[in-house]
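Structure first, then comments.
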């Protein structure tokens, strides 16, 4: 008889159910991971609350979650370099490695990527999961699996900063101080940038941004963000602008916030179809526009930064929920957003 484990299924919008299912057996090139901590992403919250994220639709019960950290519980005959009990993290997108984009190193854009925790691909909200060994990375000594649950969003932060070609001495505006905005802040600070201004409408998140090193925080409910940044920069704007909210209003502000010859990086996915973009302002300032989708080649970089103690991720975590309380965890994330900065599921 097959061994059993528990898995949390999103049955329909706003309803999770924990079921007993067969425990997986690793294939020849796979490792079996016992989950210890899994971060709750904004996409997990949106699937829970809306039943969809962009073009991805919840059409049948699915196991979500794509920010896993755990320990090796088994491995296939072709796998080397791991021992039972090793603490690890998983890069949750498994590319095909064969298409033209993969061959160029742009595997985050792979046509056939299998990504943890989107409908059609079971994710990490379960006790055990099989993962291709090449997408698994050992955590450095002294780095906990609780910290490991934030490696995935930190990889996004590193990729965003690399996309923008941020350099020491530059100034930056970050629109949105949710998890990704805070990760960008942490990476910018680790690279020596100091004049970083963070905009949001939620005081708790803004106070966390201040704690993590923002030079100034701006509550957009109380003050116009463009006016505030202009006051801080003598009317010049900032060299870098990161849009992390996906809101129409914030996206429209990016051109006005950017300094001449600056770079705008768009990260937040949005649901609006039309955007009256300030083309003239964009041209006259000779701006550069970048976009960011997930990450590539970042996990080794992130783990080296954690090993060196350059970034303290646990300061970002506001809530830890037991696996048995996953329904409560998602409800709190969806319906009490002002109180949650980053939540993690603990097994």
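Listed values, structure above:
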| quantity | calculated |
| --- | --- |
| Relative packing of 297-305, 143-151, 75-83, which averages over residues the other C-beta atoms within 10 Å, highest first | 143-151, 297-305, 75-83 |
| Simple spin-label estimate for residue 15 and residue 315 in nanometres, 7 Å along Cα-Cβ | 4.3 nm |
| Whole-angstrom gap from segment 45-91 to segment 301-328, using each part's C-alpha centre | 16 Å |
| Degrees separating the helix 248-257 axis from the principal Cα axis of the chain, which is the longest one | 50 degrees |
| Helix 326-335 axis, angle to the chain major axis (alpha carbon atoms, nearest 10°) | 10 degrees |
| In degrees, nearest ten, helix 151-164 long axis to first principal axis of the chain (Cα) | 40 degrees |
| Shape parameters for the chain, alpha-carbon atoms, Rg then Dmax in Å | 20.3, 71 |
| Segment residue 288-residue 272, length gained on full extension (0.36 nm per residue, minus Cα span) | 3.5 nm |
| Segment 105-158 and segment 186-209: distance between their alpha carbon centers, rounded to Å | 25 Å |
| P(r), alpha carbons of segment 190-327 - 10 Å bins starting at zero, rounded % | 10, 33, 36, 18, 3, 0 |
| Per-residue [θ]222 nm for the chain (sum of -39500 (n - 2.57) over DSSP H runs n ≥ 4, rounded to 500) | -7500 deg cm²/dmol |
| Net length gained if the chain between residue 106 and residue 52 were fully extended (0.36 nm per residue, minus Cα distance) | 16.9 nm |
| Taking the chain and dividing mean pair separation by its residue count, relative contact order in percent (alpha carbons under 8 Å, at least six apart) | 17 percent |
| Contour minus Cα-Cα distance for residue 222 and residue 144 (0.36 nm per residue) | 24.2 nm |
| Two-site label geometry, residue 28 and residue 334: point separation in nm, points 7 Å out along Cα→Cβ | 4.3 nm |
| Sorted peptide list for 269-279, 308-318, criterion being average Cβ within 10 angstrom, highest first | 308-318, 269-279 |
| Approximate spin-label separation residue 98-residue 134, in nm, with each point projected 7 Å along Cα-to-Cβ | 1.2 nm |
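Where a number appears in this text, it was derived from the coordinates with a stated rule and is not lab data. Here the structure is a predicted model, which is why all the values come from computation and not from measurement. Reconstructed Cβ throughout: ideal geometry from the backbone, glycine too, with neighbour counts over all protein chains shown.
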